[in-house]
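Participant: Let me give you the structure first, and then I'll get to my questions.
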Amino acid sequence: MAKRLDNLSWKPMWVSHLGCIKGCLDFLDIEVSDAWLYGGTGHAFIINLHEEVCPSGPTAWHTEMLFKLGRNVGYEVDGVFARKNMLTFPETQQKAWEHARKSIDAGVPCYGWELDIPEYYVVNGYDEIGCHYVGPCQESAKKPKPWQELGATDIGVVEMYSVKPVRPADDAVVVKQAFEFALEHAQSPEKWIFPKYKAGLAGYDNWIGALQANKAHSHGMAFNIQVWCECRSLGVAFLKEAKDRLDKKLGLVFDEAIAHYDIVARNLKRVEELFPFHTRKPEHIANEKRRHNAAQHLRVARTAEAAGLEVLKRIATVL
């Protein structure tokens, strides 16, 4: 028996995880701005860079804090996670499949990991073969994903989640806990970050160092800059929205944070112009002048980010 949730799709975003969640929220008629979603989950203010700028940087970290902070924003994530090296993996594949079917039967939107490329996809239906999905590289989504293939990849992770509405937290709680997470994540703790990756200011150091040593991955360079540029741009928008929502006596402090993160966003945009994703060429990363200019903009962004993090700390303390 086949079932499909009409009008359920993803919102194209470089952070496909949040693009899927936003699509689910839209389906559920939960009004949350892009900025509030990115900022309220803390994602707008994090960064994660491999020492050679691997394209996995945006997704290769422990992301479970996004689920906890998502409750603050107004949604709850529930589902199945397992790694291929677990003895119970075959059973978990079936549980993921059953979770998707039961959720869709109940009119609850779902999303999962690596139904095609290593990104997240909205699951908007199923048939006797497997999941119907939509997301990055949509041309390949014309056929269902057989449930026996869930997580059966080199990465070897199965993730299948459903999204339901919950009562959102007070705005001050949303902002405070998002900033606290971003500040903790920036210290590159092992509970969030994998080996050879760094977050926060150390992430910038990985990025700059790879460019200086000519070790930056070409695809990774173009992809990472798109993701982190999107995050900081929406981070600025989140700070403006938070300023409007919260007590006006914090306005000047928010203005300070906005000024710092605006510098970050504008300099990351300059890097994106040097290393565009859709028109990328191998000679871009081989060009020493491009690498030098990108490193210069990243240094400016790093300095502004350092100042911005200090302001986030001040705001979180007050809240």
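The values are calculated or read from the model by the stated rules, or taken from the named source; none is laboratory data. What you are looking at is a predicted structure, and each value in this text was computed from that prediction instead of being measured. Here the Cβ is made from the backbone with ideal geometry for all residues, glycine too, and neighbour counts use every protein chain on show.
Participant: Tell me which residues, restricted to the stretch 1-37, are among the hydroxyl-bearing types (Ser, Thr, Tyr), under 22 Å from residue 117 (Cβ atoms) and touching a helix residue (DSSP H, G or I) at 6+ places or on another chain (Cβ under 9 Å).
Facilitator: 9, the sole residue that qualifies.
Participant: Taking interchain pairs and intrachain pairs at least six residues apart, which have beta carbon atoms under 9 angstrom, with the first residue in the stretch 172-185 and among the small types (Gly, Ala, Ser) and the second outside any helix (DSSP H, G or I)?
Facilitator: Taking only residues 6 or more apart or on different chains, the pairs are 172/246; 172/247; 172/319; 178/41; 178/42; 182/42; 182/46.
Participant: Within the stretch 147-177, track down each residue that is closer than 14 Å to residue 75 by Cα, under 21 Å from the mean Cα position of the chain (by Cα) and not aliphatic (A, V, I, L, M).
Facilitator: Within the stretch 147-177, 161, 162, 164, 165, 168 qualify.
Participant: Now for a separate question. For the stretch 301-315, which residues satisfy the criterion of being surrounded by fewer than 16 Cβ atoms within 10 Å (Cβ to Cβ) and of a type in the set (Asp, Glu)?
Facilitator: 310
Participant: A further question on this structure: Here are some residues: 9, 16. Which one is in contact with a strand residue (DSSP E or B) (Cβ under 8 Å, 6 or more places away or on another chain), of a type in the set (Gly, Ala, Ser) and within 29 Å of residue 210 (Cβ to Cβ)?
Facilitator: Within the list 9, 16, the selection yields 16.
Participant: Still on this model: Is it the case that the stretch 2-12 has a residue that's over 17 Å from residue 111 (Cα atoms) and modelled with pLDDT under 95?
Facilitator: yes
Participant: Within the stretch 231-244, is there a residue that is closer than 30 Å to residue 83 by Cβ and touching a strand residue (DSSP E or B) at 6+ places or on another chain (Cβ under 7 Å)?
Facilitator: no
Participant: Moving to a separate point now. Would you confirm, using the coordinates I've provided, whether residue 186 is more than 16 Å from residue 51 (Cβ to Cβ) and of a type in the set (Gly, Ala, Ser)?
Facilitator: Yes: the conditions hold for residue 186.
For (1) surrounded by fewer than 16 Cβ atoms within 10 Å (Cβ to Cβ); (2) within 19 Å of the chain's Cα centre (by Cα); (3) in a loop (DSSP other than H, G, I, E, B); (4) of a type in the set (Phe, Trp, Tyr), each residue gets a yes or a no:
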| residue | (1), (2), (3), (4) |
| --- | --- |
| 179 | no, yes, no, yes |
| 184 | no, yes, no, no |
| 191 | yes, yes, yes, no |
| 198 | no, yes, no, no |
| 203 | no, yes, no, no |
| 207 | no, yes, no, yes |
| 211 | no, no, no, no |
| 216 | no, no, yes, no |
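Participant: Further question on the same structure: Looking only at the stretch 250-285, count how many residues are touching a helix residue (DSSP H, G or I) at 6+ places or on another chain (Cβ under 8 Å), surrounded by fewer than 17 Cβ atoms within 10 Å (Cβ to Cβ) and free of Cβ contacts under 8 Å to residues at least 40 places away in the same chain.
Facilitator: The qualifying residues number 2.
Participant: Any residue at all in the stretch 293-300 that is free of Cβ contacts under 8 Å to residues at least 12 places away in the same chain, part of a helix (DSSP H, G or I), among the polar types (S, T, N, Q) and surrounded by fewer than 19 Cβ atoms within 10 Å (Cβ to Cβ)?
Facilitator: Checked the stretch 293-300: at least one residue is free of Cβ contacts under 8 Å to residues at least 12 places away in the same chain, part of a helix (DSSP H, G or I), among the polar types (S, T, N, Q) and surrounded by fewer than 19 Cβ atoms within 10 Å (Cβ to Cβ).
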